[in-house]
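In what follows, a single structure is set out as structure tokens and then discussed.
Every number in this text was worked out from the coordinates using simple rules, so none of it is lab data. Keep in mind the model is a prediction, meaning the values are calculated, not measured. Please note: Cβ atoms are built from the backbone with ideal geometry, for glycine as well, and neighbour counts cover all protein chains shown.
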Amino acid sequence: MKSLYNKFISFINTIQGKIAFYPTLFSIIGFSFAMTMLYLEKEGISAFVLEHIPQLVINNADTAKTLLSFLTGGIISIMVFSFSMVMVLLNQASSNFSPRVLPGLISNRNHQFVLGIYLATILYNTFTLVGINPQENDKYQLPGFSVLIGIILTVVCLGAFLYFIHSISQSIQVNNILDTIYKKAKMRLEYLLEKESETPPNFPDSSDWKSYYSSETGYFQNIAVANLVSICKEEDIQLKILPIQGLFVLEGVPIIQVSKDINDELVKKILSNFNFAKGEFVEDNYALAFKQITEIGMKAMSPGINDPGTAISTIDYLTELFAMRLKKNDQTIITSDEASLIAVSTTNFKELVYQVMVSYRTYCKHDLSCIQKLFIMFKYLLIQEAHLPEYHDVLLAEAKLLYEDTQQSITNSTDLRRIEALYQKLLK
């Protein structure tokens with residue numbers, strides 16, 4: 001039962017990133033509200049409102065039908081324009097920054113809410129229009145109050161449209177994209193740091209444990225921790241999760257190691273708590289933020305764009321994220337009642353820094369402004385408190401590689417002296 005509940009929650013978390021999720025949800029609400037209002041009209045709600053506030057109720061059927069038709073056509077027009085703006089936004093973001101930022105832009109809830117309001121209002125007005133009987137002579141039977149609600153919802157749509165234009169123009173700005181990625185990664189890191197104990201227990205050597213293989217293909221997003229902990233307690237086993245979160249896992253590759261042999265039924269039960277997806281989200285994997293921010297910086301330094309200012313901004317955000325990552329242990333162990341039950345493979349700090357720096361060393365080693373910013377980043381990180389002392393050694397090693405690359409790519413003696421001075425400050 002828990003496994004089914006977890007899969008349902010994982011399904012909901014996955015589809016929330018789809019651009020059609022909230023519009024579909026709002027459409028259902030709009031349809032349900034229209035049906036509710038048609039029922040209330042039969043109960044005489046328009047007659048009640050007409051008796052107390054007659055100024056708010058439309059009594060003429062032709063006027064009501066014309067008005068609702070006009071309003072619905074207008075909403076369809078602004079909805080088409082809004083969808084067109086979304087497509088332009090995604091195309092521009094993909095061209096100027098990185099295709100990897102698209103899932104984050106598509107899953108923007110505010111934009112989905114606006115599109116959902118459009119669809120809900122269209123459905124409401126349409127079914128209200130169907131409920132109008134032009135041959136009806138009794139003015140109390142005309143759904144005048146429902147028409148009033150349709151007018152109010154249309155006004156809300158106009159306000160939402162103005163907000164949408166403002167929001168879409170802000171979303172395409174690179175600083176806002178970087179800030180959004182940074183905030184998502186920061187929240188994820190803060191969550192992991194909060195869950196991580198200060199003195200994590202040791203996990204036994206799993207080199208001789210039996211491996212079990214993946215039955216699915218996709219990006220390994222997350223696991224149902226509570227369910228796996230319960231399974232480990234019930235079966236008296238320990239697990240080691242082999243793939244790093246966010247890694248693309250192929251069917252048939254080793255995915256877990258177990259402290260003792262288990263049957264196929266238990267293997268399926270364990271693997272049912274693994275969530276796979278075809279996309280990647282920073283909310284599930286903070287390491288993806290480093291990749292996305294780095295790719296935006298590299299795109300900015302491409303010959304076609306040549307924007308060192310954006311590359312420097314990406315270094316600023318990476319500096320903050322690396323400072324937080326310094327506080328985290330390389331090994332993630334899930335415990336219960338002080339017993340180590342599950343070891344989760346994570347991207348270690350050395351590999352994370354190397355993958356980021358290899359891109360900057362390749363594409364920015366000829367630009368002095370970026371080189372200076374990178375050395376300033378190293379200087380800042382070296383004075384931060386690290387969870388493990390080896391982290392500082394990793395930073396010094398990467399700074400040395402950067403220094404060596406710049407010595408080969410920059411020939412101006414003045415620039416070389418400046419780089420030398422920056423590098424020597426790191427060694428003091």
Roughly what angle does helix 174-195 make with the longest principal axis of the chain, taking Cα atoms, 0 to 90 degrees, to the nearest 10?
70
Cα-based reach from LYS428 at 21 Å (exclusive), listing lysines while leaving out same-chain residues under 8 positions away
LYS373, LYS379, LYS400
Taking only C-alpha pairs under 8 Å that are 6+ residues apart, what is the relative contact order of the chain in percent?
16
Sequence ranges 286-293, 317-324, 186-193, ranked by mean other-Cβ count within 10 angstrom, highest first
286-293, 317-324, 186-193
Going fewest to most other Cβ atoms within 10 Å around each Cβ, ARG361, ARG418 line up as ARG418, ARG361
Could you calculate the contour length gain from LEU193 to SER302, that is, 0.36 nm times the residue separation minus the distance between their Cα atoms, to one decimal place in nm?
35.7 nm
Pairwise label distance in nanometres, SER340 with SER409, each label 7 Å out on the Cα-Cβ vector:
4.1
By how many nm would the segment from THR36 to ASP179 grow when fully extended, if each residue of separation counts as 0.36 nm and the alpha-carbon distance is taken off?
47.2 nm
Determine, for SER313, SER369, SER207, the number of other Cβ atoms within 10 Å of each Cβ, and report the residues in order from fewest to most.
SER207, SER369, SER313
Going by C-beta contacts inside 10 Å, put LYS210, LYS428, LYS328, LYS350 in order with the fewest on the left.
LYS428, LYS210, LYS350, LYS328
Per the helix-only model, the chain has a calculated mean residue ellipticity at 222 nm (DSSP H runs of ≥4, -39500 (n - 2.57) each, divided over all residues, rounded to the nearest 500) of -21500 deg cm²/dmol
Excluding residues on the same chain fewer than 8 positions from LYS210, give the lysines whose Cα lies under 18 Å from its Cα.
LYS240, LYS260, LYS268, LYS269
Computed over the chain: longest principal axis from alpha-carbon atoms vs helix 2-15 long axis, angle to nearest 10 degrees, is 80
Helix 368-382: inclination vs the chain longest Cα principal axis, degrees, rounded to 10, gives 80
Label selected from (1) 90, 64, 36; (2) 65, 55, 39; (3) 61, 52, 42, the criterion being Cα extents along the principal axes in Å as computed here:
(1)
